[in-house]
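Colleague: One structure, pasted below without further comment.
Laboratory data are not the source of any read-out in this text; all were calculated from the coordinates shown. Treat the numbers as computed from the prediction; the structure is a model and nothing was measured. In this analysis, Cβ positions are derived from the backbone assuming ideal geometry, glycine residues included, and neighbour counts consider all displayed protein chains.
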Amino acid sequence: MSILMNAYCTVRDPIALTFDTESLSYRDRSDPEVGDHLDGFIGFIMEGGKREMTQSLYAVMRHIERVKHHFSFVVSESQLEQVAGWAWENNAILFYPDSSVRDPAGNVLVDPTTGEPDEEAQIPYPPDSRERKLRSEVMLRNRLIDTPDTLPPVVGASELELRDADEVAWRTLALFMAAVRAESLASENPIPVEKLRAKSPMAFEALSPAEAAFLGTESPNPQTVFNFVWRYEALFTLQWALGLHNDMPFADAICDVPLVAQLQIAQPNRERISNAKLRPAGEILDALDLNYRLLWAAREAQQQKREAPASIDGGVLSERQHALNWLVQFQNADWDEIDIPS
């Protein structure tokens, strides 16, 4: 018996099919129709928004959002074991003719009628992302910080597509401008925007729409000023990603703002961009995974009206997560649209 399957892979560079097919089609994110197809796929598993979001549906949705390659093929039932091995390697979920969504082993992740998974079903994650999750959990337990085992891993190295180093450097220019202006407003000694523009015209080329609106407002409201002062933490995180800081300190205190500012003005902007280089991807993913779990712990403590464990600072963690999610292109969102779920 032959089976028509659709495979949705999240890895950056998929391996070729290791089994015979009767027919095969393939497309990737360069096809403009793939994005709409994946949006429709999410709508399908959520039954057009009628289904209540569950942990398993959320995990499948996040997988679909990360899909980079879509294969469609017809195989004989006798080859399902080979399909499973290939799908695990490519971090793929499978869509079967009965409209079920399945893991590589064929266990149901989303039942077409109920939306529920089989007990044995597993969302695929690259091995390094699972190992990274375990390391983070050990580090947190050593600090007496509890997080649920159900928090998933972050992306793996085989899935990762970091922003280019020069794009990150441009982003630091914009963040610094917005944070400096906000700090001056908060201290009631505002630096004129035109003075900032004269000092760093390149930074104004890199502003996001929200940053441009902030800098274009003579007297922004206090909450907006407060929010942009916090951008020093996001700036620190991107400086760290560019190798300007040796370590990412534990998030129980704000960053050294004078040092962040000093590093930002120590090098001409154009030179900074042309010489920009990101630290190893594994280090960025380690920071992302650990911060994601710490942010969950901080938010859980706030929700339960408890003191945050190990004195972690939710504001610091939120800004770090914003910067890291942007860096790893989470949901392919621009800076102002970055989501920081935990």
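Colleague: Rounded to the nearest 20 Debye, what is the dipole magnitude of region 93-172 about its Cα centre when Lys and Arg each give +1 and Asp and Glu each give -1 at the C-beta?
Modeller: Taking the Cα centre of region 93-172 as origin, the dipole is about 480 debye.
Colleague: When the dipole is taken about the Cα centre of the chain, and only Lys, Arg (+1) and Asp, Glu (-1) are charged at their Cβ, what size is it in debye, to the nearest 20?
Modeller: 1220
Colleague: What spacing in nm lies between the two simple spin-label points modelled at GLU77 and ASN107, each 7 Å away from Cα in the Cβ direction?
Modeller: Label-label distance for GLU77 and ASN107, simple model: 2.2 nm.
Colleague: Using Cα centres only, tell me the gap between region 149-194 and region 222-292 in whole Å.
Modeller: 7
Colleague: Return THR217, THR21 ranked ascending by Cβ neighbour count within 10 Å, so the fewest neighbours appear first.
Modeller: THR217, THR21
Colleague: How many Å³ per residue does the convex hull of the Cα positions in the chain occupy?
Modeller: 160
Colleague: Which whole-Hz couplings ³J(HN,Hα) result when phi for each residue of region 4-16 is put into the Karplus expression 6.51 cos²θ - 1.76 cosθ + 1.60, θ = phi - 60°, listed in order with x for Gly and Pro?
Modeller: With coefficients 6.51, -1.76 and 1.60, one gets 8, 10, 10, 10, 10, 9, 9, 6, 5, 10, x, 7, 5 Hz.
Colleague: Rank TYR96, THR150, LEU175 by how far each Cα sits towards the positive end of the charge dipole of the chain (+1 on Lys, Arg Cβ; -1 on Asp, Glu Cβ) and give me just the farthest.
Modeller: So the residue we want is LEU175.
Colleague: Continuing with the same structure: Take each complete run of DSSP H in the chain, measure how far its Cα atoms stretch along the helix's own axis, and keep only those covering 24 Å or more with mean Kyte-Doolittle hydropathy at least 0.5; list them.
Modeller: 165-186
Colleague: Still on this model: Past the 25 angstrom mark, what percentage of all C-alpha to C-alpha distances in region 2-110 do you count?
Modeller: The proportion of pairs with Cα distances above 25 Å equals 16 percent.
Colleague: Give, rounded to the nearest 20 debye, the magnitude of the charge dipole that region 31-88 has about its Cα centre when Lys and Arg contribute +1 at Cβ and Asp and Glu contribute -1 at Cβ.
Modeller: 220
Colleague: Related question: Work from the charge dipole of the chain (Cβ charges, +1 for Lys and Arg, -1 for Asp and Glu, about the Cα centre) and give the residue of LEU295, THR217, TYR26 farthest towards its positive end.
Modeller: Highest projection toward the positive end goes to THR217.
Colleague: Continuing with the same structure: For ARG141, what is the net charge nearby, where nearby means another residue's Cβ is under 14 Å from its Cβ and Lys, Arg count +1, Asp, Glu -1?
Modeller: +1
Colleague: Which order do peptides 189-199, 317-327, 290-300, 9-19 fall in by mean Cβ count within 10 Å, highest first?
Modeller: For the peptides 189-199, 317-327, 290-300, 9-19, the packing ranking is 317-327, 290-300, 9-19, 189-199.
Colleague: Rank TRP86, MET139, VAL108 by how far each Cα sits towards the positive end of the charge dipole of region 82-148 (+1 on Lys, Arg Cβ; -1 on Asp, Glu Cβ) and give me just the farthest.
Modeller: Going by the Cα projections, it comes out as MET139.
Colleague: I've got another one for you. Connecting C-alpha atoms closer than 10 Å in a GNM of the chain, tell me which of ASP20, ASP286, ASP98 has the biggest fluctuation.
Modeller: So, out of ASP20, ASP286, ASP98, the one fluctuating most is ASP98.
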